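Trainee: Here you go, one structure.
Coordinate-derived values only; no laboratory data. A quick note: this is a predicted structure, and the numbers were derived from the prediction, not measured. Quick reminder, even Gly has a Cβ in these numbers, built from the backbone with ideal geometry, and neighbours come from all protein chains shown.
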Amino acid sequence: MGITQTQTNDEVRNLAVGRYLTDATAAAIVVTTGFKPRVVRVYNVTSRDMMEWFEGMAAASAIKTVAAGARTLITSNGITVSANGFTIGLDTDVNVINEQLSWVCEV
């Protein structure tokens, strides 16, 4: 099992960016930022699919855009925010084994 993760936090602006790549079994990805995000964007760099979560949206939801251009509101396997970070759910278009995810979140 191999996981590669990088992360940079700007504590003055409460902005964090990072990348994630795994060759392990599919799983939700927990990201700790040290603050509660108000906006989270997750990009699958390989497939060009993405999902976005904004403050006020339900847990595990997101606005998902696939490379073909279709945009939908998902209500499960999306993004869940916590007091000190967020979790990327098991969406089969975005959270895929051996595909690189890049993310950004901010207050």
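Trainee: If you plug each phi of the range 19-25 into the Karplus form 6.51 cos²θ - 1.76 cosθ + 1.60 with θ = phi - 60°, what whole-Hz ³J(HN,Hα) values come out, in order, with x for Gly and Pro?
Mentor: 9, 8, 9, 9, 10, 8, 5
Trainee: Which whole-number percentage describes the relative contact order of the chain, with Cα contacts under 8 Å and a sequence gap of 6 or more?
Mentor: This gives 36 percent for the chain.
Trainee: At what distance in nm do the modelled label points of A24 and S47 sit from each other, each positioned 7 Å from its Cα along Cα→Cβ?
Mentor: It is 2.0 nm.
Trainee: Using DSSP to define loop residues, name the GluC sites (Glu not before Pro) in the range 6-105 whose beta-carbon has at most 13 other beta-carbon atoms within 10 Å.
Mentor: Sparse-neighbourhood loop GluC sites (Glu not before Pro): E11, E55.
Trainee: Roughly speaking, what is the stretch gain from E106 to A68, that is 0.36 nm per residue apart minus the C-alpha to C-alpha distance, in nm to one decimal?
Mentor: My answer for the length gained is 11.0 nm.
Trainee: Under a Cβ-only charge scheme (Lys and Arg +1, Asp and Glu -1), can you give me the dipole magnitude of the chain about the Cα centre, in debye to the nearest 20?
Mentor: So the dipole magnitude of the chain works out to roughly 160 debye.
Trainee: Order the peptides 27-38, 80-91 from the highest to the lowest mean number of other Cβ atoms within 10 Å of their residues.
Mentor: Packing proxy ranking, top to bottom: 80-91, 27-38.
Trainee: Between (1) 13.6; (2) 14.2; (3) 16.0, which matches Kirkwood radius over Cα pairs in Å calculated for the structure shown?
Mentor: The value computed from this structure is option (1).
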